[in-house]
Amino acid sequence: MNLNKADAVALAQGLAAGSADKCDVLVCPAPVYVDAVSAAVAGSHVAVGGQDVYFEGNGAFTGETSTAMLQDLGCTHVILGHSERRNVMGECDKLVNKKVHAALDAGLVAVLCVGELLEEREAGKTIEVVKSQFEGSLAGVSAEQMKNVVIAYEPVWAIGTGKTASPEQAQEVHADLRKIMAAHYNQETADSVRVLYGGSVKPANAAELMSQPDIDGALVGGASLKVDSFTGIIDALA
């Protein structure tokens, strides 16, 4: 819930003007600006997604956004189960799972977020929490459908706090996520699904984080609000 329309459009235009061969770039603006941002990046290498979606089709669900509405505005992706949706809005794995199925059934790529709170990490429950969120949020999702799923690991204690998981800490959880996927599906699926790291990623630490073998990219928060910092991260991934 950041930026105004003019700033969101200027940011999108700045990204669209950047190099198209460095990495895949996705922006997920506030829902009221999706249309304007989609128009700003039309024909470029920048994809557009929603920050959330409801699991029902169009109808009497005041305040919600359907998959059809997102797609009508040019979205190809949607973030689901973000830490703020889970921990501020109280979304549970069962609700996230309904949204995942709705997104996949509509042909959207689901960017599923998982991650632990500070007290859970300090209690040694990181993998237990991540595994539970993974299995609950992806219940009933087939290996074939996983081709349209991206996993984002968000250590909640490292979001907006200035703290960042060390590259080793992040890599450990990403590697464990691949083990969970291999056990739940198969090794091919585990190797092919993109796993992103999200937790105070910025230009200064992006290259080191992304150099880890099981970290495929970044889910960028505050640093995505300005062209120079966002493109700095993109450049670090090149």
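Within segment 87-123, being free of Cβ contacts under 8 Å to residues at least 40 places away in the same chain and part of a helix (DSSP H, G or I) holds for Asp105, Ala106, Leu118, Glu119, Glu120, Arg121, Glu122.
Among the residues of segment 183-195 satisfying the criterion of being in a loop (DSSP other than H, G, I, E, B) and over 17 Å from the mean Cα position of the chain (by Cα), which is surrounded by the fewest Cβ atoms within 10 Å (Cβ to Cβ)?
Restricting attention to segment 183-195, the residues satisfying the condition of being in a loop (DSSP other than H, G, I, E, B) are 185-186, 193-194.
Among the residues that remain, those that are also over 17 Å from the mean Cα position of the chain (by Cα) are: 185-186.
Details: Tyr185: 18, Asn186: 13.
Across segment 183-195, the extreme among qualifying residues is Asn186.
Screening Val48 with (1) surrounded by 15 or more Cβ atoms within 10 Å (Cβ to Cβ); (2) assigned to a loop (DSSP other than H, G, I, E, B); (3) touching a residue at least 12 places away in the same chain (Cβ under 8 Å) gives one miss only, at (2). Close contacts from segment 1-24, counting a first residue that is touching a residue at least 40 places away in the same chain (Cβ under 8 Å) and a second that is exposed (fewer than 13 other Cβ atoms within 10 Å of the Cβ) and aliphatic (A, V, I, L, M), with Cβ to Cβ under 6 Å and a gap of 6+ residues or different chains, come to Lys22/Ala238. Taken over segment 129-172, the criterion of being in a loop (DSSP other than H, G, I, E, B), over 20 Å from Ala103 (Cβ atoms) and in contact (Cβ under 8 Å) with a residue 12 or more places away in the chain is satisfied by Pro155, Ile159, Gly160, Thr161, Gly162, Lys163, Thr164, Ala165. Here segment 1-25 is the region considered, the condition is being out of contact with any helix residue (DSSP H, G or I) (no Cβ under 7 Å at 6 or more places or on another chain) and among the hydrophobic types (A, V, I, L, M, F, W, C), and the residue that is farthest from Ala42 (Cα to Cα) is Met1. Candidates in segment 216-230 are the residues that are at pLDDT 95 or above and of a type outside the set (A, V, I, L, M); of these, the one that is surrounded by the fewest Cβ atoms within 10 Å (Cβ to Cβ) is Asp228.
Within segment 156-173, none of the residues are aromatic (Phe, Trp, Tyr) and either within 25 Å of Gly50 (Cβ to Cβ) or in contact with a Gly (Cβ under 7 Å, 6 or more places away or on another chain) (or both). The set of residues from segment 204-238 being within 18 Å of Gly162 (Cα to Cα) and either of a type in the set (Lys, Arg) or without any contact (Cβ under 8 Å) to a residue 24 or more places away in the chain (or both) comprises Ala204, Ala218, Val220, Ala223, Lys226. Looking only at segment 99-127, filter to residues that are of a type in the set (D, E, K, R) and over 15 Å from Gln169 (Cα atoms); which one of those is nearest to the chain's Cα centre (by Cα)? The residue in question is Lys99.
Select from segment 51-86 the residues that are aliphatic (A, V, I, L, M) and either touching a residue at least 12 places away in the same chain (Cβ under 8 Å) or in contact with a Lys or Arg (Cβ under 9 Å, 6 or more places away or on another chain) (or both) and write down the one among them that is nearest to Leu138 (Cα to Cα).
Leu80
With respect to Ile159, determine if the residue is surrounded by 15 or more Cβ atoms within 10 Å (Cβ to Cβ), within 17 Å of the chain's Cα centre (by Cα) and modelled with pLDDT under 95. When the stated conditions are applied, Ile159 passes them. Filtered by the rule that a residue be surrounded by 17 or more Cβ atoms within 10 Å (Cβ to Cβ) and farther than 19 Å from Glu144 by Cβ, segment 79-97 gives Ile79, Gly81, His82, Ser83, Glu84, Arg85, Arg86, Glu91, Asp93, Leu95, Val96. For segment 196-238, the set of residues classified as within 19 Å of Leu3 (Cβ to Cβ), in contact with a Phe, Trp or Tyr (Cβ under 7 Å, 6 or more places away or on another chain) and assigned to a helix (DSSP H, G or I) consists of Ala223, Ser224, listed by residue number.
The values are calculated or read from the model by the stated rules, or taken from the named source; none is laboratory data. As the structure is a prediction and not an experimental result, all values here were calculated from the model. All Cβ positions, glycine included, derive from the backbone under ideal geometry; neighbour counts span all protein chains shown.
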